[in-house]
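Take a look at the structure set out below.
The values are calculated or read from the model by the stated rules, or taken from the named source; none is laboratory data. Owing to the predicted nature of the structure, the values given are computational and were not obtained by experimental measurement. All Cβ positions, glycine included, derive from the backbone under ideal geometry; neighbour counts span all protein chains shown. Surface areas here come from the heavy atoms of the whole protein model, side chains and all, with no ligands, DNA or RNA. Shrake-Rupley method; radii C 1.70, N 1.55, O 1.52, S 1.80 Å.
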Amino acid sequence: MSKLDYCFSNDYMVLRPDRAGAYELLHLLFSPKVGRNKAVDCFTSTELHSFRRRLSIFLNLLLQLFLLSLVGPLVAVLGGALEFALNLASNVLHGRMEYPDRKSASYRSITGLIDPRVDLERSITPADSRYHAALCVMASKVAYENEAFIRDVVTRRWQMEFVQFFNCWNEFENAYTAQAFVFCDKAADAELVVVAFRGTPALDVARWCADVDPSWYKIPRLGRAHAAYTHALGAQRNIGWPKWVEHVKGKPQRVHAYYAIRDAVKRLLEANGRARVLVAGHGSGGALAVLFATVLAYHKEKAALDRLAGVYTFGQPRVGDAMLAMFAERNLDRPRKRHFRITYGDDPLPRLPHESSAAHFLHFGIRLHFDSLYNLTVVKELPGDGSSSSSAAEFATSRINAAWELARSAYLGYWRSAYCREGWLLMAARAAAVALPGLPFHRVQDYVNAVTLAGSNIPKDM
C-alpha cells in the first residue's frame with residue numbers, strides 16, 4: 001500500500017509489521033518522528049513525544065511479528081489438522097464413513113465443534129423480550145461455519161428463509177477477510193431481516209493481528225475508525241466510503257461487505273413492508289456489525305435506519321473514538337436505544353485495542369454485562385468514558401475464574417437448563433484455560449448461555 005491509499009482520511013496512523021525491521025523498532029523507542037518510520041504509515045510531519053505511546057506501538061508491532069512469523073504457521077498446521085481430525089471423528093461417530101469436506105453441510109469449524117448447538121432455544125418465542133438477542137447470538141455463532149452448513153441450519157433447523165452468504169473482498173489486504181449471511185424469519189411477508197457477521201476464526205492468526213492492531217483513520221464527519229475493521233467492511237482505496245461503488249471495466253468483479261449487504265437489505269425491505277432489520281456479530285463480527293449500521297447513517301440511508309430493530313454485538317472490541325461514538329449514538333440510539341453491546345466475564349476482546357482513550361478507541365452504547373454466574377448488569381457508557389485495560393490484579397484472578405468456570409460447566413446443564421449442558425471438548429478447553437487464563441472466554445458458547453439464562457431481563461429496545 002502507498003500513502004495515496006489513505007487520502008480519503010484527513011489524519012491516520014496505520015502500523016506496518018511487514019516493514020518493521022530492527023532499525024524501525026529501535027527508531028520508535030528513541031525518536032518521536034514516527035512519520036519518518038517505515039513501520040508506521042502517517043503524515044511525514046507526525047511526531048509522538050509521549051514515550052508511553054511509542055512503547056505501545058513498539059510492543060504491538062513486536063506482538064504482530066511474533067504472531068505472523070511464529071504462531072501463525074504453527075496454528076495453521078496443527079490447528080487445521082486438529083479441526084480435520086475432529087470432523088473425521090464426528091463423521092465416524094455419526095455413522096458417516098466419509099472423508100471430511102470443508103465445504104459440506106456437515107463440516108464444522110473449531111467453534112462449532114467446541115459448542116455443537118445450532119437449534120434455537122424453544123422456550124424463547126418471538127413474544128419473549130430475549131428473542132432478538134437469542135436469534136442474534138445463535139446467528140453470530142453459526143456465522144463461523146461454511147455456507148452449506150449455514151444454509152442447512154437456517155432452512156432445515158430454524159425453518160426460516162436463507163437469503164445469501166457473502167464472502168467479501170478487502171481492497172487493502174487483497175484478500176477475502178469478511179464473511180456474513182442474511183436471512184429472513186419467513187419466506188413471504190417477513191417480519192425480520194437478520195444480518196450476521198462472522199467474527200475472528202479460531203485458527204486465523206492474521207485476523208488475531210487485526211483485533212490487536214490499534215491503527216486508525218480519521219474520516220470527515222465520522223471520526224476515527226479502526227483501520228482493520230474499516231478495511232474488512234469494504235472501504236475503498238483512495239476514496240474511503242463513497243455512497244456507491246462502480247465496477248471498473250477490466251478489473252475483477254469484487255464483493256465488498258458494506259455495499260453488497262446494504263443493497264441486499266434494501267431489496268428485502270422493499271419486498272417485505274413490515275420487516276425490521278437486526279444486525280449482529282460476535283467478536284470482530286460485532287465490530288463489523290456496529291460499523292455497518294454506523295456507515296448506513298453516514299450515507300443517510302434513512303429508509304433502512306428507520307426500520308432498524310437493533311444492533312446486537314457479543315464481545316465486541318472498540319471500533320472508534322469519541323466523535324465516532326457520538327455520531328453512532330445520535331443515529332442508532334435515538335429516539336430509542338438500538339445498539340446493545342453484550343459482554344461476558346473476563347472476555348479479553350472487548351478490551352482491545354489497548355489504546356483506550358477518548359482520542360483513540362472507546363466503547364459506547366448500552367452495555368449488558370454478564371458475570372460468570374450469568375447475572376446481568378446494565379451499564380450506560382457515555383462517549384469519552386473509555387475503560388482501562390485489564391490490570392495485573394485482574395490477570396491474577398483469571399486463573400481462579402477459569403477454575404470456577406470448569407467446575408460450573410460440570411453441573412450447569414443439570415442446575416439451570418439442559419440446553420446449556422456442555423460436551424467433553426468444551427470441558428477440555430476449560431481445563432486448558434486453568435493453565436492458560438482467558439483461553440475459552442471469547443468462545444461464543446458463554447454468550448449463548450447468558451442470553452438463554454437471562455430470564456426476561458434483556459430488552460428489545462429502550
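Give the residue, chosen from Ala232, Ala280, that is modelled with pLDDT of 95 or more, farther than 23 Å from Tyr131 by Cα and touching a strand residue (DSSP E or B) at 6+ places or on another chain (Cβ under 6 Å).
On inspection, the qualifying residue turns out to be Ala232.
Out of Arg267, Arg254, Arg207, I need the residue that is open to solvent by 10 Å² or more (accessible area, probe 1.4 Å) and free of Cβ contacts under 8 Å to residues at least 12 places away in the same chain. Which one? Write out each step before concluding.
Numbers: Arg254 fails: free of Cβ contacts under 8 Å to residues at least 12 places away in the same chain; Arg207 fails: free of Cβ contacts under 8 Å to residues at least 12 places away in the same chain.
Going through Arg267, Arg254, Arg207 in turn, just one is open to solvent by 10 Å² or more (accessible area, probe 1.4 Å) and free of Cβ contacts under 8 Å to residues at least 12 places away in the same chain: Arg267.
Report yes if His226 is open to solvent by 10 Å² or more (accessible area, probe 1.4 Å) and either not charged (D, E, K, R) or not assigned by the TED database to the domain that holds Lys141 (or both), otherwise no.
For His226, the condition - open to solvent by 10 Å² or more (accessible area, probe 1.4 Å) and either not charged (D, E, K, R) or not assigned by the TED database to the domain that holds Lys141 (or both) - is not met.
List the residue pairs whose Cβ atoms are under 8 Å apart, where the first residue sits in region 330-353 and is open to solvent by 10 Å² or more (accessible area, probe 1.4 Å), the second is part of a loop (DSSP other than H, G, I, E, B) and among the hydrophobic types (A, V, I, L, M, F, W, C), and the two are 6 or more positions apart or on different chains.
Arg336/Met462; Lys337/Met462; Gly345/Phe441; Asp346/Phe441; Pro348/Phe441
Return a yes/no flag: does region 361-371 have any residue that is assigned by the TED database to the domain that holds Tyr447 and at pLDDT below 80.
Scanning region 361-371 turns up no residue that is assigned by the TED database to the domain that holds Tyr447 and at pLDDT below 80.
For region 33-47, does any single residue satisfy the condition of being touching a Pro at 6+ places or on another chain (Cβ under 7 Å), charged (D, E, K, R) and open to solvent by 20 Å² or more (accessible area, probe 1.4 Å)?
Within region 33-47, one or more residues are touching a Pro at 6+ places or on another chain (Cβ under 7 Å), charged (D, E, K, R) and open to solvent by 20 Å² or more (accessible area, probe 1.4 Å).
From Lys243, Lys218, which residue is part of a strand (DSSP E or B) and surrounded by fewer than 21 Cβ atoms within 10 Å (Cβ to Cβ)?
Only one candidate qualifies: Lys218.
Just to verify a result, which residue in region 145-166, among those that are open to solvent by 20 Å² or more (accessible area, probe 1.4 Å) and touching a residue at least 60 places away in the same chain (Cβ under 8 Å), is farthest from Ala178 (Cα to Cα)?
Val163
Among the listed residues Val265, Val319, identify the single one that is in the same structural domain as Tyr131 (by the TED database) and closer than 29 Å to Asn449 by Cβ.
Val319
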